[in-house]
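What follows is one structure encoded as structure tokens, with my remarks underneath.
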2 protein chains.
Amino acid sequence: MRARSDALMEIGRLLKTTRKGLSLTQEQVADMAGITRPRYRDIEAGSSAARTTTLINIARALRLELMLIPQAMVPAVDALLQPHDGDDDLPAFVASPDGGANA
Amino acid sequence: MRARSDALMEIGRLLKTTRKGLSLTQEQVADMAGITRPRYRDIEAGSSAARTTTLINIARALRLELMLIPQAMVPAVDALLQPHDGDDDLPAFVASPDGGANA
DNA sequence: ACAAAATGATGCATTAACGTATCTTTTCTT
DNA sequence: AAGAAAAGATACGTTAATGCATCATTTTGT
């Protein structure tokens, strides 16, 4: 409800972009992820820090996978994702800077 | 408290492996991530679904980054992470199958 | 073998994610 | 322009993540 971290907003933007790329409504994604629309809305808006399981379910509804990448490999992974020749959906990747411990 | 999904246990295993590779104690990682040791312990054991912000903080304490990768790109990213010639720490990557909507 | 550190584990209080309901505002479609 | 659908937003109750304290067990180091 009162999350609002940089990372959350970045994730939210990615979710929204990906969802629109798939022409899905918030309700459809929420259903697929097993949560309600108001909750999905908060997550997409970056105003709620979803549980790990919830984020994974949302990601999969959008054909994304949550991964933990060694920081040293992030540039390489980014480069790999940049020239998305085109399979079906839109590109994606997340995370970067932040700071404040919790919340 | 009673999470226990496949994905959570997989993440937990990765966190533990990475932490040991960095020779850090649970307490050190918990401190860096801004949570308590009992909580970090639960997360590492896969018995608790951390909030997104918490997972990000833990990941960064372990020099990892949370990323959402298009499923179509996962094999390529995996391949990129496999032959880690030697940068600094241990390997890493996560996620796979699961199912049950929430929790 | 011993001590110390690290990890496993539990109980209780607090906080925020999540569900349900309802409303308004914006964006599509015709 | 009118109507419908989607998205934005808020309130309140429930549930689980988190903090704090404290135990037992395992591992590490000397």
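The values are calculated or read from the model by the stated rules, or taken from the named source; none is laboratory data. Computed from a predicted model, the values in this text were never measured in an experiment. All Cβ positions, even for glycine, are placed from backbone atoms using ideal geometry, and neighbour counts span all protein chains on display. Note: accessible area is taken over every heavy atom of the protein model, side chains too, but ligands, DNA and RNA are not part of it. Shrake-Rupley method; radii C 1.70, N 1.55, O 1.52, S 1.80 Å.
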Under 1.5 on a/c is rounded, so check that first for segment A:33-84, then, if it is not, pick prolate when a/b is larger than b/c and oblate when it is not; a ≥ b ≥ c are the square roots of the alpha carbon gyration tensor eigenvalues. prolate
Assuming R0 = 25 Å, what is the FRET efficiency of B:Ala72 and A:Gln28, from their Cβ-Cβ distance, to the nearest 0.05? 0.80
Where does each of A:18-25, B:46-53 land if you order them by average Cβ count within 10 Å, highest first? B:46-53, A:18-25
For A:Ala76, inter-copy label distances in nm, listed shortest first [label point 7 Å out on the Cα-Cβ vector]: 1.5
Scoring only Lys, Arg, Asp and Glu (+1, +1, -1, -1) among other residues with Cβ under 14 Å from the Cβ of B:Ala30 yields +2
At the nearest 100 Å², what buried accessible area, both sides summed, do you get for A and B when the probe is 1.4 Å? 4500 Å²
Computed over segment B:1-77, Kirkwood Rh from alpha-carbon pairs, angstrom: 12.7 Å
Cα-centre dipole for segment B:6-81 with unit charges at Cβ (Lys and Arg positive, Asp and Glu negative), debye to 20: 220 debye
Heavy-atom accessible area order for B:Val74, A:Val29, largest first, 1.4 Å probe: B:Val74, A:Val29
Nonlocal amide H pairs with A:Leu64, under 5 Å, H built at 1.01 Å: B:Gln71
